[in-house]
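The values are calculated or read from the model by the stated rules, or taken from the named source; none is laboratory data. Everything numeric in this text was worked out from a predicted model, so none of it was measured. Methodologically, a virtual Cβ is constructed for each residue, glycine included, from the backbone with ideal geometry; neighbour enumeration extends over all protein chains shown.
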Amino acid sequence: MKIHSESRISHPRPLVYATYRDRLPEVAPFMNDINTITVVSREQTSGGARLLNRWQASTEIPKIVQRFVTPDMLCWDDHAEWHDDAFACDWTLTIPAFPEQVRCSGRNRFIDEGGHTRVILSGELHVDAARIPGVPRMLARTVAPQVEKFIVRLITPNLEKVNHSLGAFLDAQ
């Protein structure tokens, strides 16, 4: 399933990019459905940085997936490779509760719009429901799209909220 999000932030690209890369934990309090963003590891590279951030969400779980998804599973690891010269970030999300069952990756691009920044996120999500414990094989084809929709519904608005929250954070500086 495709993931796509675009937002416009009313701040210059270098500031938006650096804040997104370096200060997301400070932006977390501006997001109502994210409890925390924790930097697990950070490595400077010749072209930017390699980061691992752990996101912990707080959101209601739809009834159809409550048998398979519990609140403690609402966290994901954001593995990000930042490319400073291109104002871009390649990322892979892993969900610790479903390390083999969920694959999600993509790219964020930061486009200069004359003092404003357009953040474009493109990605792809795939859920192998047959490998989710407790999902009967005969239901896997039915459950997989529902789980994908739930995850995309959880992640995509959060990505847009991150951008809006990042703008609010910068406005407050």
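Just one residue in the set 166, 125 is part of a helix (DSSP H, G or I), at pLDDT 75 or above and crowded, with 20+ Cβ neighbours inside 10 Å; that residue is 166. When region 12-38 is filtered for residues that are surrounded by fewer than 18 Cβ atoms within 10 Å (Cβ to Cβ) and in a loop (DSSP other than H, G, I, E, B), the ones remaining, listed by number, are 12, 23, 32, 33.
Residue-wise test of (1) over 17 Å from residue 160 (Cα atoms); (2) among the charged types (D, E, K, R).
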position: 2; (1), (2): no, yes
position: 11; (1), (2): no, no
position: 18; (1), (2): yes, no
position: 27; (1), (2): no, no
position: 34; (1), (2): no, no
position: 41; (1), (2): yes, no
position: 46; (1), (2): yes, no
position: 50; (1), (2): yes, yes
position: 74; (1), (2): yes, no
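Checked against the criterion of being of a type in the set (Asp, Glu) and farther than 27 Å from residue 14 by Cβ, the candidates 72, 90, 85, 78 yield just one match: 72.
Are any residues in region 1-41 basic (Lys, Arg), touching a helix residue (DSSP H, G or I) at 6+ places or on another chain (Cβ under 9 Å) and farther than 25 Å from residue 148 by Cβ, and if so, which ones?
Our first condition is that a residue be basic (Lys, Arg); within region 1-41, this holds for 2, 8, 13, 21, 23.
Retained after the next criterion (residues that are touching a helix residue (DSSP H, G or I) at 6+ places or on another chain (Cβ under 9 Å)): 2, 8, 21, 23.
Matches in region 1-41: 8, 21, 23.
For region 95-107, the candidate set comprises residues that are part of a strand (DSSP E or B) and either under 10 Å from the mean Cα position of the chain (by Cα) or of a type in the set (D, E, K, R) (or both); within that set, the residue that is farthest from residue 46 (Cα to Cα) is 103. Only one entry of 46, 41 meets the criterion of being touching a strand residue (DSSP E or B) at 6+ places or on another chain (Cβ under 7 Å), free of Cβ contacts under 8 Å to residues at least 40 places away in the same chain, polar (S, T, N, Q) and loosely packed, with under 12 Cβ neighbours inside 10 Å, and that entry is 41.
Determine if region 90-102 includes at least one residue that is touching a helix residue (DSSP H, G or I) at 6+ places or on another chain (Cβ under 7 Å), in contact (Cβ under 8 Å) with a residue 60 or more places away in the chain and hydrophobic (A, V, I, L, M, F, W, C). So far as region 90-102 goes, no, none of its residues is touching a helix residue (DSSP H, G or I) at 6+ places or on another chain (Cβ under 7 Å), in contact (Cβ under 8 Å) with a residue 60 or more places away in the chain and hydrophobic (A, V, I, L, M, F, W, C). The set of residues from region 53-85 being within 20 Å of residue 110 (Cβ to Cβ) and either assigned to a loop (DSSP other than H, G, I, E, B) or under 17 Å from the mean Cα position of the chain (by Cα) (or both) comprises 53, 55, 78, 79, 80, 81, 82.
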